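Input: a single structure, listed below in structure tokens.
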Amino acid sequence: MNGNWKIAIVGAASLRGKELNEALGESVFAEASFTLLDDEEALGQLEAVADEVTFIQRIEAAAFIGMDFVFFASDAAVTRKHWKTAQKAGASVIDLSGALESEPGVLILAPWVREEREGATLNLDTPAVVSAHPAAVALSLLLKSLNALSPLRSASATVLEPASEEGRAAMDELHQQTVSLLSFQTLPRAIYDAQVAFNLLPVFGEESKVNLDAIETRILDHCRVLLGPELPPLAVQLIQAPVFHGYTFSIYIEFATPIALERVDAALEDEHFDVVLGDLDLPSNLTASGQADIVVRVRSARASVQEPGKVSGIWIWAALDNLKFSALNAIACAQELRRLRPQGKVQ
């Protein structure tokens, strides 16, 4: 029974919040009691969670009283402003914004990959957990699975970032830039301070509200936490793609010894992967949309063929639904925290 759990979502009107609403309604927490919270602009909006329709309320201290779990799907500033109030009220805090990574005792968590940070243990004294970056979770799952098959010599990835990862304002600017370019009008640049429509960029303008270098560093840091010292360092380059939704990845893996390609496909037949073997339904932003899995296609790096049927290097083209994947990892974090709490009782 999970009906006694009380859950609040801060930032319920955001893209992450809406996806989290839907994912919770299909999870083990579907029968919980939900409270939706957001800023003034979203007050009174109706949202469906599981089989119930509720309205969005104001974020205030009284709203956190009696909560078992509080998910922060808001922007970083809102998370920093309110998380300690939720924590002091006795709730387990799950941060999807990444705002709390530098807070003492806070853990970066991806239960599908690694349950705890080096030298730290998830327990009742943990003030909050940060749901690991979805790109870091995907890359870590891939590398761990392949390293278990055969030790890796090196790994590198080009990660293509969608606008939705930076919220509704970023998506709106990409849309407005697209329309403006087609009608020969001046481009809006409030978010990116650069042309992102019909373009690929490794860096934005000086006035940009989005810092790709900081996001790239965050992905790498999360991978280091999740993978530990047993795997070779991962090299990552983050590129802004002119797409609204879904991460895509171009990944090169080199094994220490040659391996049969079919063994790689078999190693990825895991609950978190959808392996494409032919040339139909290839991994893309579209095919990954709405899916819980990472869609992957593996091919040999032609120059790495060292003996018949075996390769030392492979290319992986992968895609995932960034918002859904992030929501599912956050729910997995809550399931880990649930083990530490008596059902329906605030600590």
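The values are calculated or read from the model by the stated rules, or taken from the named source; none is laboratory data. Note that the structure is predicted; figures quoted are calculated from it, not measured. In this analysis, Cβ positions are derived from the backbone assuming ideal geometry, glycine residues included, and neighbour counts consider all displayed protein chains.
Here are the numbers for this structure:
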quantity	calculated
Residue ranges of helices (runs of 4 or more DSSP H) in region 222-338 with at least 1 members farther than 30 Å from V10 by Cβ	261-267, 285-288
Pair list, Cβ < 6 Å and 6+ apart or interchain, from region 326-341 residues that are under 18 Å from N4 (Cβ atoms) to residues that are crowded, with 24+ Cβ neighbours inside 10 Å and among the β-branched types (V, I, T)	A334/I94
Residue check, F249 over 13 Å from L139 (Cα atoms), at pLDDT 95 or above and out of contact with any Gly (no Cβ under 6 Å at 6 or more places or on another chain)	no
Filter result (modelled with pLDDT of 65 or more, surrounded by 13 or more Cβ atoms within 10 Å (Cβ to Cβ), more than 22 Å from the chain's Cα centre (by Cα) and part of a loop (DSSP other than H, G, I, E, B)) within region 20-64	E31, A32, D39, I59
Residue match in region 153-161 (condition: touching an Asp or Glu at 6+ places or on another chain (Cβ under 6 Å), surrounded by fewer than 23 Cβ atoms within 10 Å (Cβ to Cβ), farther than 24 Å from G17 by Cα and among the polar types (S, T, N, Q))	yes
Cross-chain or 6+ apart pairs with Cβ under 8 Å, region 140-157 first and outside the structural domain of R299 (by TED's automatic domain parsing) and without any contact (Cβ under 8 Å) to a residue 40 or more places away in the chain, then buried (at least 19 other Cβ atoms within 10 Å of the Cβ) and in a strand (DSSP E or B)	none
Lone qualifier among V196, V137, V179, V129 - being more than 24 Å from L323 (Cα to Cα) and either exposed (fewer than 14 other Cβ atoms within 10 Å of the Cβ) or among the hydrophobic types (A, V, I, L, M, F, W, C) (or both)	V179
Total residues in region 268-279, condition closer than 13 Å to S145 by Cβ and at pLDDT 90 or above	4
Single unsatisfied condition, R218 versus (1) free of Cβ contacts under 8 Å to residues at least 60 places away in the same chain; (2) closer than 18 Å to T158 by Cβ; (3) not β-branched (V, I, T)	(1)
Pair list, Cβ under 6 Å, 6 or more apart: region 90-115 residue assigned to a strand (DSSP E or B), other residue of a type in the set (F, W, Y)	S92/F69; V93/W83; I94/F71; D95/F72
Enumeration of residues in region 190-235 that are of a type in the set (S, T, Y) and either under 29 Å from S180 (Cα atoms) or not assigned by TED's automatic domain parsing to the domain that holds R168 (or both)	Y192, S208
The lone exception for A86 - which of (1) crowded, with 20+ Cβ neighbours inside 10 Å; (2) in contact with a helix residue (DSSP H, G or I) (Cβ under 8 Å, 6 or more places away or on another chain); (3) at pLDDT below 95; (4) not acidic (D, E) it fails	(3)
Residues (in contact with a Pro (Cβ under 7 Å, 6 or more places away or on another chain) and not in a loop (DSSP other than H, G, I, E, B)) located in region 192-221	L212
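Residue by residue, here is whether (1) small (G, A, S); (2) crowded, with 16+ Cβ neighbours inside 10 Å; (3) assigned by TED's automatic domain parsing to the domain that holds S164 holds:
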residue: I259; (1), (2), (3): no, yes, yes
residue: R263; (1), (2), (3): no, no, yes
residue: E269; (1), (2), (3): no, no, yes
residue: H272; (1), (2), (3): no, yes, yes
residue: G278; (1), (2), (3): yes, no, yes
residue: N285; (1), (2), (3): no, yes, yes
residue: V296; (1), (2), (3): no, yes, yes
